[in-house]
There are 2 protein chains.
Amino acid sequence: MSTETQARRGTAAGPARRRILDTAAALFYAEGIHTIGVDRIIAEAGVAKATFYNHFPAKDELVHAYLCEQYAFQRGVVDRLREASVSSGNTAREALLAIYDHMIDYGNSPAFRGCPFINAAAEYPDPAHPVRAAVAAHRAWFRALMTELLTAADDPTPERTADILIMVRDSLAVGCDLDDPAALRTTTRDLLSRVLAGPRTDA
Amino acid sequence: MSTETQARRGTAAGPARRRILDTAAALFYAEGIHTIGVDRIIAEAGVAKATFYNHFPAKDELVHAYLCEQYAFQRGVVDRLREASVSSGNTAREALLAIYDHMIDYGNSPAFRGCPFINAAAEYPDPAHPVRAAVAAHRAWFRALMTELLTAADDPTPERTADILIMVRDSLAVGCDLDDPAALRTTTRDLLSRVLAGPRTDA
DNA sequence: CAGAGACTAGACAGATCTGTCTGGTAACGT
DNA sequence: ACGTTACCAGACAGATCTGTCTAGTCTCTG
């Protein structure tokens with residue numbers, strides 16, 4: 001099969017599959033995974049049921065694809081932020097803070113409803129479920145990213161501080177959904193200022 | 001109706017209602033709320049369906065009761081911890097750290113599956129739903145508790161630091177479920193040491 | 001003893017969910 | 001022109017979910 005055909009209506013990138021994934025992502029994120037039925041996704045995506053089950057043999061496959069796309073999306077955002085930071089001549093510490101500023105902005109957007117991975121994990125408690133593996137992959141990526149930036153920023157204990165920054169990320173996602181996200185802007189910056197220079201020696 | 005009768009099999013404290021609440025709490029927490037059907041609660045509690053719907057007119061009422069009990073339970077635990085701390089002559093700061101140590105222990109228990117309130121909120125995104133109100137009440141209590149202890153511990157900015165400690169709590173709950181809870185013991189203590197003496201002036 | 005109230009057992013209705021299957025349309029490549 | 005393939009429309013099966021209802025038991029109270 002020619003690549004030209006694939007680009008137009010190939011199995012891997014057909015417009016139906018895209019529509020399914022986009023509507024599923026919006027619905028899963030906004031209303032939860034278990035509450036959204038396949039019928040609703042089909043109706044809102046304007047897709048036949050057979051087409052849906054042709055692209056995704058089971059609902060779980062769609063859920064997994066949804067998380068994989070979220071993962072890729074976040075990596076893309078971070079990559080662009082880092083490039084912008086590098087081309088501006090920023091330090092690694094400034095690049096790291098830019099990532100958190102972006103997360104705070106995102107948490108303040110009206111559609112924000114928490115971290116898709118944390119929310120999915122709450123709905124899939126079984127550690128052996130593929131959803132949990134997707135969540136773990138995303139977390140491993142973020143941990144490595146933090147460690148790398150902290151090392152470049154000459155943090156005295158990059159792995160340790162990275163673990164702390166993951167905690168900051170998680171609490172930011174939870175708090176922006178459950179508390180006042182505007183207040184968390186100040187709180188998070190304060191927290192980062194207390195965290196980013198290493199453990200205290202004067203306490 | 002005499003209180004004696006109530007104690008034995010009264011409407012407010014019948015053993016059937018207790019069994020329903022206990023099994024529902026265990027199942028909701030371990031496997032999620034939407035995934036647990038009323039039939040399963042009824043079967044595992046050994047209760048007739050009519051009895052269930054007599055005590056809880058709808059499943060949502062049971063969910064709400066489940067969260068209210070969790071709230072009461074946590075308040076009880078904290079109250080006992082504070083009393084123990086006071087009778088040991090501990091400072092407010094030590095009492096606060098004891099609460100976090102207890103949360104870390106809890107997060108390291110094998111049955112730990114995250115914070116029941118955060119998990120419930122993930123399953124009930126609608127801000128107008130009673131579940132969200134129960135979550136907000138619990139968070140308001142915890143914020144007030146932190147502020148009180150920090151004020152007693154002479155923290156220079158108790159409200160601000162309290163907001164940060166809520167973030168620490170949330171990330172602890174998420175992380176103990178999704179990451180290695182044993183590692184979070186060290187990480188959290190490190191984080192608290194960086195946080196608890198106020199914002200840095202040397203950075 | 002008689003009545004009230006909590007409880008059990010389980011059928012039942014109606015909706016919804018996942019997944020399958022049939023049948024038809026339209027665009028493409030050979 | 002023909003076959004392939006992606007797609008649409010919708011019926012259907014089987015399970016499961018919430019909630020209602022009937023009928024009967026048991027225990028305590030008056």
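The values are calculated or read from the model by the stated rules, or taken from the named source; none is laboratory data. This one's a predicted model, so the numbers in the text were calculated from it and none came from an experiment. Note that we place each Cβ from the backbone using ideal geometry, even for glycine, and neighbour counts take in every protein chain shown.
Listed values, structure above:
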| quantity | calculated |
| --- | --- |
| Residue within the stretch A:68-76 that is under 17 Å from A:Leu21 (Cβ atoms), modelled with pLDDT of 95 or more and within 16 Å of DNA strand D (Cβ to nearest atom) present | no |
| Identity of the residue in the stretch A:94-139, of a type in the set (D, E, K, R) and within 11 Å of chain B (Cβ to nearest Cβ), that ends up nearest to A:Glu61 (Cα to Cα) | A:Arg132 |
| Residue that is farthest from the chain's Cα centre (by Cα), among those in the stretch A:51-70 that are touching a residue at least 60 places away in the same chain (Cβ under 8 Å) and surrounded by fewer than 18 Cβ atoms within 10 Å (Cβ to Cβ) | A:Asp60 |
| Residue among A:Ala50, A:Ala30 that alone is more than 13 Å from DNA strand C (Cβ to nearest atom), outside the structural domain of A:Ala152 (by TED's automatic domain parsing) and on the phi < 0 side of the Ramachandran plot | A:Ala30 |
| Index of the failed condition, B:Leu165 passing every other in (1) at pLDDT below 95; (2) more than 7 Å from chain A (Cβ to nearest Cβ) | (1) |
| Residue tally, condition more than 19 Å from B:Asp190 (Cβ to Cβ) and of a type outside the set (Asp, Glu), over the stretch B:154-177 | 5 |
| Matching helices (runs of 4 or more DSSP H) fully within the stretch A:119-203 where at least 3 residues are surrounded by 17 or more Cβ atoms within 10 Å (Cβ to Cβ) and of a type in the set (Gly, Ala, Ser) | A:158-178 |
| Flag if A:Ala48 is within 14 Å of chain B (Cβ to nearest Cβ), of a type in the set (A, V, I, L, M) and exposed (fewer than 15 other Cβ atoms within 10 Å of the Cβ) | no |
| Residue count, the stretch B:78-98 (criterion: in a helix (DSSP H, G or I) and of a type in the set (S, T, N, Q)) | 2 |
| Restricting the stretch A:33-45 to residues that are among the aliphatic types (A, V, I, L, M) and within 14 Å of another protein chain (Cβ to nearest Cβ), the residue that is farthest from DNA strand C (Cβ to nearest atom) | A:Ile33 |
| Qualifying positions in the stretch A:53-68 - within 14 Å of chain B (Cβ to nearest Cβ) and more than 7 Å from DNA strand C (Cβ to nearest atom) | A:Val63, A:Leu67 |
| A:Asp22 vs. criteria farther than 19 Å from A:His129 by Cβ, away from every other protein chain (no Cβ under 14 Å) and more than 12 Å from DNA strand C (Cβ to nearest atom) | yes |
| Which numbered condition B:Val63 fails, given (1) at pLDDT 95 or above; (2) in a helix (DSSP H, G or I); (3) away from DNA strand D (no atom under 16 Å from the Cβ) | (3) |
